[in-house]
Amino acid sequence: MALKIQALATQTDSKKEQANERLVPSKSNRENLPALTSLRFFATALVLLQHGSELFGFDKRLALTDIGTWQGLTCFFVLSGFILTYCYPELTDDRSIIKFIGARIARIWPSYAMAIILFILAFPSSMKAPGALSYLVANLTMTQAWFFNRAYFTAFNTPSWSLSVEMFFYICFPYFLRSLQTTWLPKLTFSVLLALACIALCTFEQYPNFVAFGSSAPPLVNICPLSRLFEFVLGMSTGMFFLKSARPHISKLKGTVLEFSALALVTLSLFSPRLWQLSASMQWASAIRCWFIYGGVAPAYAALIYALASRNGALGRLLNIKPLTYLGELSFSLFLFHYPVYLFMTNFTQIVQGRQAWFCMVSWLGCTFIASAINFELVEKPCRRRIISALSAVLD
């Protein structure tokens, strides 16, 4: 029996994500959805494209300034709600909820903490800045997204603010999951109302001037977990309908048409910042537009996720190949380490000094993949197994 458990623990990360990691037995065995694992890589690629183009000056050369590459996070948030609902169709008691939260912490916190630790080791002066200890505590407890202060959610590893948002989703998940089939619409409406409240507060009270904030989006619209909850609840609702439909049996042709129709919606969403421009007299709608191009486009990504999960089309079959699913498994580490790797390269190596932009970006991507693969194999996978095993031993 021990050998069988050990063998199961060495299966691919995708299978653990959708089977072993569930910890809560479902009423029926769920099939793996490798296409959605691969989709995680493409969502990460959008984030890397955004940050890389800004860091190396490609955003203006390639006219990427007004393309919503930041929507990679929208895809992540919707996909998270979908996959969790698919893998955890019910959490019936406190024990199962504790196991669920423990499994999610095991999934993200070790690599998340490792990125912060490596940042501090590389830049020890970061701990000497005023307020550094409070920033560190907020980041280690994954609460930095609740501080509407750039010093908190840009400290150490800036992109990791989204993991603070994700942790809030995990805490909310067991409660939104209850009676989801009959309450999905009120819950989805509630999440929209929360976003509208953030928009209203942003517009009329705290953050009326986007330029003064120093970003294209103020934290109440982009960073605040309450304004992003809609994306996660939409993903949960989509996952619930997918389970209820018992995987729709449609032809390969119809499946392919459905996939590419959803992909066309996603493409339209990516270009929504260009398509929706505001005149000087419409600046009062800036917060509404900002929320829409950041998270309001989530239905397009929900449609794509549903279509790929059905596994009847050509695109879904293409995303099933092992190299892409491995990149999908690597995506979390890629997301966490791409920014620290850039800072390390620019401060401690000569790789990007005086080089052409394309060479710098290729070198950065190569180093990021190497660092991410090392973290995935030596930190993410073994820590997850050990934390889940320890938690199971305590609770069982």
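Extension gain, T183 to L133: 0.36 nm times the residue separation minus the Cα-Cα distance gives 13.8 nm.
Fraction of C-alpha pairs exceeding 26 angstrom in the stretch 19-395: 54 percent, rounded to a whole number. As a length-normalised measure over Cα pairs under 8 Å and 6 or more apart, the relative contact order of the stretch 19-395 settles at 29 percent. Once you've got the Cα coordinates, tell me which of K252/K322; K254/K381; K99/K254 are over 28 Å apart. In this structure, K254/K381; K99/K254 lie more than 28 Å apart at Cα. Direction-averaged projected area, Cα convex hull, the stretch 314-396: 8.3 nm², rounded to one decimal. Against the empirical 2.2 N^0.38 Å (N residues), the stretch 99-244 has a Cα radius of gyration ratio of 1.18. In this calculation the C-beta distance from I321 to L365 is compared with R0 = 22 Å, giving a FRET efficiency of 0.60. In this structure, Q277 and A197 have a Cβ-Cβ separation that, at R0 = 25 Å, corresponds to a calculated FRET efficiency of about 0.45. Modelled label positions at Q356 and I374, each set 7 Å beyond Cα in the direction of Cβ, lie 2.9 nm from each other.
Readers should treat all values here as calculations from the given coordinates under stated rules, not as data from a laboratory. Everything numeric in this text was worked out from a predicted model, so none of it was measured. Please note: Cβ atoms are built from the backbone with ideal geometry, for glycine as well, and neighbour counts cover all protein chains shown.
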